[in-house]
Amino acid sequence: MTDNQHLAPHETMEVHELLNFKTTSVMKSKFLQGIVFDHKIKQLMEKDVEASVRQIRDLEELYAKSMLLEEGETDA
C-alpha cells in the first residue's frame, strides 16, 4: 500500500475488528500472567504480549489510512 492509498470501508471494519481482538487478547494475557506460576509459560505469555503490542501499533497505522476517518475530519 503506497502512502496515497486508503482503506475501503470494509477494510476499515476488518482492521477495527482485528484491533479489538488483539487488544482483548493483550488484556487477557496480562491478567493471566499474574496468576500463572510456571516460569516458562509466563515467559511465553510475555513474548506474546510484546508481539501483540507491536501488531496493534501496525494495525493502528493501517487504521489511520481509512477513508472513513478522513471523511469525518473534513466534515468538522
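Each reported figure results from applying straightforward, stated rules to the coordinates on display, with no laboratory input. Because the structure is predicted, anything quoted here is derived from the model rather than measured. Heads up, the Cβs are rebuilt from the backbone with ideal geometry, glycines too, and the neighbour counts pull from every protein chain shown.
Taking Lys and Arg as +1 and Asp and Glu as -1, the other residues whose beta-carbon sits under 13 Å from that of Ile35 total +2.
Taking amide H atoms as placed 1.01 Å from N in the peptide plane, the amide H of Ser66 lies under 5 Å from those of Leu7, each 5 or more residues away in sequence or on another chain.
Considering every Cα-Cα pair within the chain, what fraction, in whole percent, is farther apart than 15 Å? Across the chain, Cα pairs with separations above 15 Å total 62 percent.
List Ile41, Ile56 from most exposed to least, where exposure is judged by having the fewest other Cβ atoms within 10 Å.
Working: Ile41 12, Ile56 17.
Least crowded to most crowded, the residues run Ile41, Ile56.
Bridging of Lys65 to lysines at a Cα separation below 24 Å is possible for Lys22, once same-chain residues fewer than 8 apart are set aside. Quick check: the angle from helix 39-63's long axis to the longest principal axis of the chain, C-alpha only, nearest 10 degrees? The angle comes out at about 0 degrees.
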